[in-house]
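The values are calculated or read from the model by the stated rules, or taken from the named source; none is laboratory data. Predicted model, so just to flag it, every value in this text is computed and none were measured. Because the Cβ atoms are built from the backbone with ideal geometry, glycine has one as well, and the counts that use them run over all protein chains shown.
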Amino acid sequence: MVMEVVGGETAAYSPRTVEEVFTDFKGRRAALIKALTTDVEDFYQQCDPDMVNLCLYGFPNEEWEVNLPAEEVPPELPEPALGINFARDGMQERDWLSLVAVHSDAWLLSVALYFGARFGFDNTERYADLPS
């Protein structure tokens, strides 16, 4: 079972079907897009270069958060890019946001693949809802 921390609260979350993993992916993706577009000013301010290694987290409920990486080692889920805040003032804002977006895409895929590998979706499970 994966423990998610949203707004300081820890919640148990464990997608177990292909549909649940896809829903998880869509929610996290929407959160990251929101951070990098609609909420970009708030996101930019939270990425203070004077802070320690910060990460951008997207959650299944379409919320995002800039926070320190998980303290547990190894972490339950793959970790997003560490230290996104360090390059903020050394790059043009647009280039920095593009860099964060690339790392966020890689993280999204790693989380989806983690769930897929963890629950061992077999051929039947993956193709259950496709038309014959």
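A few remarks follow.
- Within the range 101-113, not a single residue is more than 29 Å from V18 (Cα to Cα), in contact (Cβ under 8 Å) with a residue 12 or more places away in the chain and either out of contact with any Leu (no Cβ under 8 Å at 6 or more places or on another chain) or β-branched (V, I, T) (or both).
- Test for T10: is it surrounded by fewer than 13 Cβ atoms within 10 Å (Cβ to Cβ) and at pLDDT 95 or above: no
- Residue tally, condition aliphatic (A, V, I, L, M) and part of a strand (DSSP E or B), over the range 62-78: 1
- Pick from the range 86-102, criterion surrounded by 17 or more Cβ atoms within 10 Å (Cβ to Cβ) and either under 16 Å from the mean Cα position of the chain (by Cα) or hydroxyl-bearing (S, T, Y) (or both), ranking: nearest to D24 (Cα to Cα): V100
- Here D42 meets the list (1) under 29 Å from G120 (Cβ atoms); (2) part of a helix (DSSP H, G or I); (3) among the charged types (D, E, K, R) almost entirely, failing just condition (1).
- Flag if S98 is within 21 Å of E19 (Cα to Cα) and polar (S, T, N, Q): no
- Given (1) at pLDDT 95 or above; (2) touching a Gly at 6+ places or on another chain (Cβ under 9 Å), number of the condition D95 does not satisfy: (2)
- Residue selection: N67 satisfies the criterion of being in contact with a strand residue (DSSP E or B) (Cβ under 8 Å, 6 or more places away or on another chain) and of a type outside the set (V, I, T).
- Just one of (1) exposed (fewer than 15 other Cβ atoms within 10 Å of the Cβ); (2) at pLDDT below 90 fails for M51. It is (2).
- One residue alone among A81, A128, A106 is at pLDDT 90 or above, surrounded by 11 or more Cβ atoms within 10 Å (Cβ to Cβ) and in a loop (DSSP other than H, G, I, E, B), and that residue is A81.
- Of all positions in the range 52-61, none carries a residue that is part of a helix (DSSP H, G or I), at negative phi and touching a Pro at 6+ places or on another chain (Cβ under 8 Å).
- Close pairs from the range 74-100: first over 15 Å from Y57 (Cα atoms), partner loosely packed, with under 12 Cβ neighbours inside 10 Å and among the acidic types (D, E), Cβ under 9 Å, at least 6 apart: A87/D95
- Of all residues in the range 33-45, those being free of Cβ contacts under 8 Å to residues at least 24 places away in the same chain and not β-branched (V, I, T) number 4.
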